[in-house]
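Report on the structure given below.
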Amino acid sequence: MLIFPIFACVVWGLAMHWRRQWPAFLVVTVSVVGMVLIAMLMRAWWDKMPDAARIFTGVILWPYVLLTGAVGYYIALLPRPPQPHECTKCRYDLSALPAAGLQCPECGTPYRGRGSSKDAEPVALIPIRHGPPKTRRTL
Ligand SMILES: [Zn+2]
């Protein structure tokens, strides 16, 4: 029974990896269609199945298919984070423009990425001593 949450997490993880791209929708659609086919096969052999399989098909499988598909499509529709060369407000591609003093030509947001004069200050590194601090003993 552990295969069901693992399968759902794999589908949702792949949808998250490829969100807003066609492989995410393909993965979710193939998984939902596969589970529907399994449910239809189980329905076709309804008379020959034991009671536990009937309960599984009638009670658990359809809500599981709906949950996996709905959450998978929701994850596939989530927006991707902006790339380093894109405007943080409107996602305009700024890669071909000079970075120093750049403002987005679409929305006017100042560019704060790599190469601009407004990028983050580098972290000051403090050297670490090798061994304990040297002290003089006074008598
Ligand atoms: Zn912009």
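FYI, it's all coordinate maths here, none of it is from the lab. All of these numbers come straight from a predicted model, not from anything done at the bench. Note that each Cβ is placed from the backbone with ideal geometry, even for glycine, and that neighbours are counted across all protein chains shown.
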Long-range amide H contacts for Glu86: which residues qualify at under 5 Å (H placed 1.01 Å from N, peptide plane, sequence gap of 5 or more or a different chain)? Leu94
Stretch Ala70-Arg43 to full length: gain in nm at 0.36 nm per residue minus the Cα-Cα span? 7.5 nm
A convex hull over the alpha carbons of segment 78-139 yields, per residue, a volume in Å³ of 179
Per residue convex hull volume, Cα only, segment 3-76, in Å³ is 65
Cβ-based exposure ranking for Arg136, Arg19, in which fewest neighbours within 10 Å come first: Arg136, Arg19
Residues whose built amide H sits under 5 Å from the amide H of Trp18, excluding neighbours closer than 5 in sequence, are none
Nearest 10, in degrees from 0 to 90: the angle of helix 22-44 to the longest Cα principal axis of the chain is 20
Treat every Asp and Glu Cβ in the chain as -1 and every Lys and Arg Cβ as +1, leave all other atoms uncharged, and give the resulting dipole magnitude about the Cα centre to the nearest 20 debye. 840
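Kirkwood Rh and Cα-based Rg: tell me the resulting Rg over Rh for the chain, rounded to two decimals. Working shown, then result.
Details: Rg = 27.7 Å, Rh = 20.4 Å.
Rg/Rh for the chain comes to 1.36.
Order these by the 10 Å Cβ neighbour count, fewest first: His17, His130.
With the fewest neighbours first, His17, His130 line up as His130, His17.
Using 0.36 nm per residue of separation minus the Cα-Cα distance, give me the extension gain between Val123 and Arg136 in nm, one decimal. Can you show the working numbers first?
Numbers: separation 13, 0.36 × 13 = 4.68 nm, distance 3.31 nm.
Contour length minus the Cα-Cα distance gives 1.4 nm.
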5 Å is the cut-off here: which amide hydrogens, built 1.01 Å from N in the peptide plane, fall below it relative to Gln103, excluding neighbours closer than 5 in sequence? Tyr111
If the chain between Ala53 and Arg112 were fully extended at 0.36 nm per residue, the gain over the current Cα-Cα distance would be 15.4 nm
By count of other Cβ within 10 Å, fewest leading, how are Ile6, Ile128 ordered? Ile128, Ile6
